[in-house]
Protein chains: 2
Amino acid sequence: MLPLKDMENFVEKNFDQAIEDLFRLIRIPTVTAKGGHNSAQAISELKRIFNELGFKTSTAETKGQPVFTAVLDSNKSKTLLFYDHYDVQPAEPFDLWTSPPFEPEIREGKIYGRGVADNKGHIISRVFAVKMLQELRGELPVNVKFVIEGEEEVSSPNLGEFVEKHHNFLFADQTSCIWEFGGKNASGFQEIWAGVKGICYVQLKTMGPKKDLHSAYGAVVKNPANHLVAALDSLRDDKTDKILIENYYDTIIPPSEELLQTISKIEKEFDEEKLKTVLGVKEFIHGLTGMEMLKKYYLSPTCTICGIWSGWQGEGGKTVLPAEAHAKLDFRLVPKQTPEDVIQKLRNHFRDHNFNVEIEWFEGYPAAFTPLTDPFVQVVEETMIEVYGHEPWIHPWSPGSGPLHLFAEIPVLSIGVGNAESNAHSPNENIEVEDFKLGQICIARLMEKMA
Amino acid sequence: MLPLKDMENFVEKNFDQAIEDLFRLIRIPTVTAKGGHNSAQAISELKRIFNELGFKTSTAETKGQPVFTAVLDSNKSKTLLFYDHYDVQPAEPFDLWTSPPFEPEIREGKIYGRGVADNKGHIISRVFAVKMLQELRGELPVNVKFVIEGEEEVSSPNLGEFVEKHHNFLFADQTSCIWEFGGKNASGFQEIWAGVKGICYVQLKTMGPKKDLHSAYGAVVKNPANHLVAALDSLRDDKTDKILIENYYDTIIPPSEELLQTISKIEKEFDEEKLKTVLGVKEFIHGLTGMEMLKKYYLSPTCTICGIWSGWQGEGGKTVLPAEAHAKLDFRLVPKQTPEDVIQKLRNHFRDHNFNVEIEWFEGYPAAFTPLTDPFVQVVEETMIEVYGHEPWIHPWSPGSGPLHLFAEIPVLSIGVGNAESNAHSPNENIEVEDFKLGQICIARLMEKMA
């Protein structure tokens, strides 16, 4: 094992270069949700970064954005695989950013820019962990592979086909995987996420008259905005937060004793007030607190309106009966739910309740998780205790989502350089400089411990 | 009475000049909903037009956009007052216009441009009726006054104060009023509207976390978009179209026998299929037809979502829990309802149902109408039979709205140069050239008949 001091020295010596690589990556606005026009540029940048370290890189075309892979085969028995993504969330609303989203900068110990937490900062900190071991040890103690896709923020519609095609490459014997995101929570503790919830994201549409009408016709012409509102409200009881889609909870199994104990362990350390401050809310839904709040957080499926729009949104009072209305909804799925099943139930619901709602498109994937008894959990935990000086919180899975189910045949854990105020999908996305540095050491030490 | 032939000749001879005046007015984008930055320019144009005919013009400042008035006192016993407005609806969505909204043009017998039907075409046709009588008779048979305000499309918030201040000017003895809009219906018949529904227009807002959050928090953070949807859906039963606000129908009186007879007379001539084609709908709400449809059209209050917006509206799937949500609603009011009463009931409803919805602003006015027994109705009807060659349809009131209640102490009727496909609040707003011409003759003959 390398002395921590040497590792720290490496990080300081290489800090400017790491930041330069990170900034170059952030400056490319890889917003796949808006067309993904910059994928080629991002991949060429990744190629440069990985080739310099001797990785063998390649780019696999898909029906959407290409998947970039890099492999550094040191002829070892064990392999560490990283799953990351070069695409980012849209940066709107721009005016809420203190500095422009695609012009990264460091202010008061934090690195700001769209994608720095989700997940370009992770990519670069992992790359520099590899560089560190190369420089300080001469060679790597494990084989290293990266899979960096370009469609994570749009629910990875083409990753499944890629994984199927490259199954042997990805899941070679004794491979473990570090997932894209992670970091420390509102109480300052590092976290390990052993999985993710699934997601089903849908865009809905209702149609009315062939064009916007004078709203005087509201007495006799059906309004698609009113109809959409009624349809959306029928999906979920706002008072109880219960999803009202028929048989929605059928596939969901009650949590095991073990799972409840894991959550209960988190509850002991959990700083509820801190999280409320970070999120900017006065209370959690229904005033839930403690174990009840955490159980809902981990174990509940959700039905969230991510966007809705219809008619006049400008200043003042345009009296219009809109021609159409749209909404975007996401359902976070707990284990055993599938997007296909949710869509089928949604279609049935609209049909049975006489809602004339079109599902314009949908995307998603099921939940997936690594059992906490897997030996990789212990290796990661021990590494983090050594690097960060405290026991990390271990979560059964994240309430967020990712295509982790495609990798579920090997152990997969999420750790990283983010924090509770990283604003991953919001304006002023950031990571702390200190976490960016420690993340490099943590990953390097993990590779040493794995071997 | 002037021979119709002479009147027609005048219209043809002066057509180019009338179109030039009209186009100059339309080219000024007087969208008060978006700030009303062009009012001064519109008023200066009106001044030029009216001064050329010898009107005495003046401009009354208000808290919002100024009110323009023009008077031509011929020392007659009777006065015809016109209520018009120089402001127009916003022209969005621009891409649905065949020609740009503020670059008027004539195509296939129609004049296109934002405001040509609502109501700049009316203003110019009425001005040229005055010019016609001046040229063909030497003097006018009645005194003529115009009130042209700049806030009709935003519910005339300052017209009440103006009317109060200028009461004697407006409502001199033996004054009758022609209202801003009117024209022919889908079946090709001219119409007389004897009043308007009232309106209460509100903008609503719900608040959630202090910024947009990752939608993974949907399990424990209340979503303002879901909450707004629930609040809106609680206002109106989408299946029955019944407004669910407590005591909403209390102030509404059942229609009189006379009123039902008026509607029944309309029903006999009414071409339902034609109107459906014009509106671009397959059926009316609940499949209503005949007398039931018309009763709903005239007699029902409405609750219409004119606009709604929250969260991500761009391409693809941004997984966000929005910080806030907004909606614009209009309630069309039948006689005896008032905006103030609607707002009070709305506040009570939100309070009683534990909806945390802010009313950001509201505006509106009550319904108003002229009894069909008023002698002015007969004069207008006879004039239209002579000019258009058929009996006009007489409506008790329009399902649209206007600040007519401020003028209700004198008889007020709506007739004009629009048509059922004028797209008053939609893209490709237009009037027919033929109606623009006949409208001049109709108003000129009306002045002759009044005297």
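The numbers here are math on the coordinates, done by the rules we state, and not lab data. Being a predicted model, the structure only gives us computed values, none of them experimental. All Cβ positions, glycine included, derive from the backbone under ideal geometry; neighbour counts span all protein chains shown.
Starting at 0 and stepping by 5 Å, how many percent of the alpha carbon pairs of region A:209-296 end up in each bin?
The distribution over region A:209-296 is 3, 10, 13, 12, 13, 13, 11, 7, 6, 5, 4, 3, 0, given as percents.
With the Cα gyration tensor of region A:379-451 in hand, give its eigenvalues times 5 under a square root as the equivalent ellipsoid semi-axes, listed largest first in whole angstrom.
Its equivalent ellipsoid spans semi-axes of 21, 19, 11 Å.
Which residue, B:THR206, B:PRO411, B:ILE252, has the largest displacement toward the positive end of the dipole of chain B when charges sit on each Cβ (Lys, Arg +1; Asp, Glu -1)?
The residue sitting most towards the positive pole is B:THR206.
Computed over the Cα atoms of region B:101-187, what is the convex hull's projected area averaged over all directions, in nm²?
About 8.6 nm², averaged over all directions.
Could you list the trypsin sites (Lys or Arg not before Pro) in region A:151-248 that lie in coil according to DSSP, counting only those with at most 10 other Cβ atoms within 10 Å of their Cβ?
Filter output for region A:151-248: A:LYS239.
Calculated from DSSP H runs of 4 or more alone, at -39500 (n - 2.57) each and per residue, what is the 222 nm mean residue ellipticity of the protein assembly as shown, nearest 500?
-10500 deg cm²/dmol
Which distances, in nm and shortest first, link the A:MET207 label point to the same label point in every other copy, taking 7 Å along Cα→Cβ?
4.0
Taking only C-alpha pairs under 8 Å that are 6+ residues apart, what is the relative contact order of chain B in percent?
Taking the mean separation of contacting Cα pairs over the length of chain B, I get 26 percent.
With charges only on Cβ, +1 for K and R and -1 for D and E, what is the dipole size of chain B about its Cα centre, in debye, rounded to 20? It would help to have the intermediate numbers written out before the result.
Details: 46 positive and 66 negative charges, 158 e Å.
Dipole size: approximately 760 debye.
Take the Cα gyration tensor of region B:198-365, multiply each eigenvalue by 5, square-root it, and list the three semi-axes largest first, rounded to whole angstrom. Present the calculation step by step, with values, prior to reporting the outcome.
Working: eigenvalues 259, 84, 29 Å².
So the equivalent ellipsoid measures 36, 20, 12 Å along its semi-axes.
What is the P(r) of region B:1-159, as percent of Cα-Cα pairs per 5 Å bin from 0?
Whole-percent P(r) values from 0 Å outward: 2, 9, 18, 20, 19, 15, 10, 6, 2, 0, 0.
Charges at C-beta only: +1 for Lys and Arg, -1 for Asp and Glu. How large is the resulting dipole of region A:198-365 about its Cα centre, in Debye rounded to 20?
For region A:198-365, the charge dipole is close to 460 debye.
Cα centroid distance between region A:383-441 and region A:232-301, in Å?
With region A:383-441 and region A:232-301 each reduced to a Cα centre, they are spaced 21 Å.
For region B:247-289, with only Lys/Arg (+1) and Asp/Glu (-1) charged at the beta-carbon, what is the dipole magnitude about the Cα centre, in debye rounded to 20? All intermediate terms of the calculation are to be shown ahead of the outcome.
Details: 5 positive and 9 negative charges, 38 e Å.
In debye, rounded to 20, region B:247-289 gives about 180.
Debye calculation, C-alpha points only, no solvent: report log10 I(q)/I(0) for the protein assembly as shown at q = 0.06, 0.07 Å⁻¹, in the same order as the q values.
Those come out to -0.52, -0.66, one per q.
Please state, to two decimals, what the Cα-based radius of gyration of chain B comes to when divided by 2.2 N^0.38 Å (N = residues).
In units of the globular-protein estimate, chain B measures up at 1.03.
Angle check, please: helix B:339-352 long axis (alpha carbons) against the longest principal axis of chain B (alpha carbons), in degrees 0 to 90, nearest 10.
Once rounded, one gets 10 degrees.
Working from Cα positions, state the angle (0 to 90°, nearest 10) between the long axis of helix A:15-26 and the longest principal axis of chain A.
Computed tilt is about 30 degrees.
Helix B:433-450 versus the longest principal axis of chain B: what is the Cα-based angle in degrees, 0 to 90, to the nearest 10?
Helix B:433-450 and the main axis of chain B meet at about 60 degrees.
What are the nm distances, shortest first, from B:PRO100 to its equivalents in the other copies, labels at 7 Å along Cα→Cβ?
2.8
Would you please give the residues with an amide H less than 5 Å from that of B:ILE192, counting only those at least 5 places away or on a separate chain, with H modeled from the backbone geometry?
B:TRP393, B:ILE394, B:HIS395
For A:SER422, A:SER44, what ranking results if the residue with the fewest other Cβ atoms within 10 Å of its Cβ goes first?
With the sparsest Cβ surroundings first, the list reads A:SER44, A:SER422.
Exposed loop GluC sites (Glu not before Pro) only (DSSP loop, at most 14 other Cβ atoms within 10 Å): please give the longest stretch of chain B free of them, not including the sites. Let's see the in-between values first.
Working: sites that count: B:GLU61, B:GLU108, B:GLU139, B:GLU246, B:GLU283, B:GLU315, B:GLU409.
Counting only loop sites that pass the neighbour cut-off, the longest clear stretch is B:140-245.
Distances from A:GLN41 to the same position in the other copies: list them in nm, one decimal, shortest first, using label points 7 Å from Cα along Cα→Cβ.
3.7
At what distance in angstrom do the alpha carbon centres of region B:13-32 and region B:107-126 lie from each other?
Rounded to whole Å, the Cα centres lie 8 Å apart.
Considering the rotational relationship between chains A and B, which residue of chain A contributes the beta-carbon of minimal distance to the axis, and what is that distance to the nearest Å?
A:ASP233, 2
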